[in-house]
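Single-structure report; data block below.
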Amino acid sequence: MADAGSIDLRLAMNAISDVIVNRPRPIRKIDQIYMKAGDMVLQSELVARWADGKRLAFIGDGDAISVCIAYLKQRNIIGYGPSKICVFDFDERICRAVERFADKERLETLESRLYNCLDPFPSNGKFDLFYTNPPWGASNDGESVKVFAQRGMEATGYTGEGMLVIADDPELAWPQTVLSAVQRFGLDNGYFTQKMMSRLHTYHLDDAPELRSCNLVLRAVPGNGSRAGKSQAIDDSNRLTNFYGRENPPRVKYVREKKRLDYGNALEEEYDLELIGSTNG
Amino acid sequence: MDDRLNPGGGVLFIKVGTHAQETLEKIIERKTKEIEQAGYSLWGYGGNTCHPETMVQPFAKGYERLGQTVRVLMQPMVSSHFAEPVRADEFSIDGLKWNAIPAAINVLGSRFALAIKGLRKAELELPLDQTVVAIGNSKGRRGDKYIMGRVDKACLEVAGPAPVPNDPAVEGTVAQIGLVAELVEPYAVYVRNKTA
């Protein structure tokens, strides 16, 4: 079993490869943008170490970092990880992919729940930590990040810590505005910035190939749990108008999966088989 | 519409060449006829740097509210785009409601299309270092720092001759424009083929 800093990179990469093959294809218009594989390995190890022995809520997880850390631990590639992981996502394809993988690999610490972050959070205070890689808020000064962070704070009962993965680029104004706004939001809710790991991750993002993200770790001040209350729906148009980009508010309640028997195989609509000796062509 | 670039103006810059096995000259000829017959044309393209719904539509609507139109500036280039020349038969503004593409308009081998009129040849220069990306995750990045590598199109705002606060300019930042058009409603759409 490996300790931090002594991971078998080949085994880790192959494990992440298993997870990537299991992921649904991203839908760009709802800001599903996937992290690149090498960065996923490093991020998964880091998150597993940070959340060792804790109950961890993922507020959205298209990247499948949740699956990676459960799988790396199950395979003894790392010797640490959360005691429980729950993925809350409004994309049924993602939730079902998590469940299928957990079932196939017997990942008993991993589960998912279909949930839209505009609805009241269903599991207040049941987690120690939260993790989110939300829409980055380029057009709304970080308001979309705050929505996901709020749900993470509710998941942890306004205690513990949260890791936010958001844009970090010193050449552009908007990521700095967002970083500032999110840290201010943290302070307003009884959290301080415990750590920021700059410019760590790259993405399959063809409209901003150079853009990276950081890990921003917020920690609740002692006694902050007294803030916890009943979770409310979010319907303030000021927060939602530019949620997925300028003039792109949320319109989708859930992304529903079209059920298939041959999940994981090439779609039959993609190809025809021309047989040896056939007279076609 | 004249060819002056005014500070604050909106430009959709795109490199164009052979597309879906059809030469640029043939494409221009075909698109010009389409505009004559249908009043507008759909210019096919791909890639998320000018995503119809999250980029082009809000970008153009912003200028519409100012009483301005977005100019499409095309830079001809040598390319070999071997996508299958499959004709799209439906278009959608929002990816949910789909309509038939008029018979006079042919979009081949593309996922997205710009709605344009006033297509004409031109010879003008676009100093990319005097533009900035106007929308999306690269908003604020200087045009010449953005249009490189695989990034070959962008929604840009003309920033004027004043230096833009990014890295120093590099050589080769002036794009030679060979075609201009006007972006018209619905500005950009998804296209798909239901029959092939």
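So here's what we get for this one:
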{"item": "Of B:Pro76, B:Pro102, B:Pro52, the one that fluctuates the most in a GNM where chain B has Cα springs shorter than 10 Å", "result": "B:Pro102"}
{"item": "Antiparallel content of DSSP bridges confined to chain A, in %, to 5", "result": "45 percent"}
{"item": "Taking the range A:88-216 and dividing mean pair separation by its residue count, relative contact order in percent (alpha carbons under 8 Å, at least six apart)", "result": "20 percent"}
{"item": "Two-decimal Rg to Rh for chain B - Kirkwood Rh, Cα set", "result": "0.95"}
{"item": "Long-range HN-HN contacts of B:Val16 with modeled amide H, under 5 Å", "result": "B:Gln75, B:Met77"}
{"item": "Mean residue ellipticity (222 nm) of the protein assembly as shown, computed from DSSP H runs ≥ 4 via -39,500 (n - 2.57), nearest 500", "result": "-7000 deg cm²/dmol"}
{"item": "Residue exposure sequence - A:Cys214, A:Cys68 - by fewest surrounding Cβ within 10 Å", "result": "A:Cys214, A:Cys68"}
{"item": "Cα centroid separation, the range B:22-94 to the range A:51-75 (Å)", "result": "42 Å"}
{"item": "³J(HN,Hα), Karplus 6.51/-1.76/1.60, whole Hz, each residue of the range A:111-121, x for Gly, Pro", "result": "8, 9, 8, 5, 7, 9, 5, 7, 8, x, 6"}
{"item": "Cα centre as origin, Lys/Arg/Asp/Glu Cβ charges: the protein assembly as shown dipole, Debye", "result": "920 debye"}
{"item": "Ellipsoid semi-axes in whole angstrom, largest first, where each is sqrt(5λ) of the Cα gyration tensor of the range A:214-281", "result": "50, 19, 14"}
{"item": "Of the trypsin sites (Lys or Arg not before Pro) in the range A:104-213, those whose Cβ has at most 11 other Cβ within 10 Å and which sit in DSSP loop", "result": "A:Arg106"}
{"item": "Sites A:Gln232 and A:Glu111, calculated FRET efficiency, Cβ-Cβ separation with R0 35 Å, nearest 0.05", "result": "0.90"}
{"item": "GNM result for chain A, Cα springs below 10 Å: residue of A:Leu216, A:Leu179, A:Leu187 fluctuating most strongly", "result": "A:Leu187"}
{"item": "Karplus 3J(HN,Hα) series, Hz, for the range A:203-208 with 6.51 cos²θ - 1.76 cosθ + 1.60 (x for Gly, Pro)", "result": "9, 7, 10, 6, 8, 8"}
{"item": "Dipole magnitude of the range A:94-207 about its Cα centre (Cβ charges: Lys, Arg +1; Asp, Glu -1), debye to nearest 20", "result": "280 debye"}
{"item": "Over chain B, relative contact order from alpha-carbon pairs under 8 Å, at least 6 apart, %", "result": "35 percent"}
{"item": "Rule-of-thumb Rg ratio for the range A:130-169 [Cα; 2.2 N^0.38 Å; N residues]", "result": "1.14"}
{"item": "Chain A: angle of helix A:92-105 to the longest principal axis, Cα-based, in degrees nearest 10", "result": "70 degrees"}
{"item": "Length-normalised contact order for chain A - Cα pairs under 8 Å, 6+ apart - percent", "result": "18 percent"}
{"item": "Lys/Arg +1, Asp/Glu -1 at C-beta; the protein assembly as shown dipole; positive extreme among A:Ile27, B:Ser92, B:Gly178", "result": "A:Ile27"}
{"item": "Per-residue HN-Hα couplings for the range B:120-131 [Karplus 6.51, -1.76, 1.60; θ = phi - 60°; Hz; x = Gly/Pro]", "result": "7, 6, 7, 10, 8, 10, 10, x, 4, 6, 10, 10"}
{"item": "Among B:Val107, A:Gly125, B:Ala38 - extreme Cα towards positive end, dipole of the protein assembly as shown, charges at beta-carbon", "result": "A:Gly125"}
{"item": "Overall form of the range B:30-97 per C-alpha gyration tensor (a/c, 1.5; a/b vs b/c)", "result": "rounded"}
{"item": "Pairs of Cα atoms farther than 27 Å apart, the range A:1-157, %", "result": "18 percent"}
{"item": "Amide H partners (placed H, <5 Å) of A:Ser112, local residues excluded", "result": "A:Val87"}
{"item": "Charge dipole (debye, nearest 20) of the range A:124-279; +1 at Cβ of Lys and Arg, -1 at Cβ of Asp and Glu", "result": "1020 debye"}
{"item": "Selected from B:Ile116, A:Cys86, B:Met148, residue furthest toward positive end of dipole (the protein assembly as shown; charges at beta carbon)", "result": "A:Cys86"}
{"item": "Nearest-0.05 FRET efficiency for A:Glu270 and B:Glu29, computed from C-beta distance (R0 30 Å)", "result": "0.35"}
{"item": "Degrees, to the nearest 10: B:24-38 long Cα axis against longest axis of chain B", "result": "70 degrees"}
{"item": "Cleavage-rule hits (chymotrypsin sites (Phe, Trp or Tyr not before Pro)) in the range B:19-116: DSSP loop, at most 15 neighbouring Cβ within 10 angstrom", "result": "B:Phe82"}
{"item": "Amide proton proximity set for B:Gly136, modelled H, under 5 Å, gap of 5+", "result": "A:Arg246"}
{"item": "Share antiparallel - DSSP beta bridges, the protein assembly as shown, percent rounded to 5", "result": "70 percent"}
{"item": "Ratio of the Cα radius of gyration of the protein assembly as shown to 2.2 N^0.38 Å, where N counts its residues", "result": "1.06"}
{"item": "Of A:Lys230/A:Lys259; B:Lys117/B:Lys153; A:Lys104/A:Lys259; A:Lys73/A:Lys126, those spanning more than 26 Å from alpha-carbon to alpha-carbon", "result": "A:Lys230/A:Lys259"}
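Taken together, the values in this text are just the output of simple stated rules run on the coordinates, not laboratory data. Predicted model, so just to flag it, every value in this text is computed and none were measured. Glycine also receives a Cβ, built like all others from the backbone with ideal geometry; neighbour counts cover every protein chain displayed.
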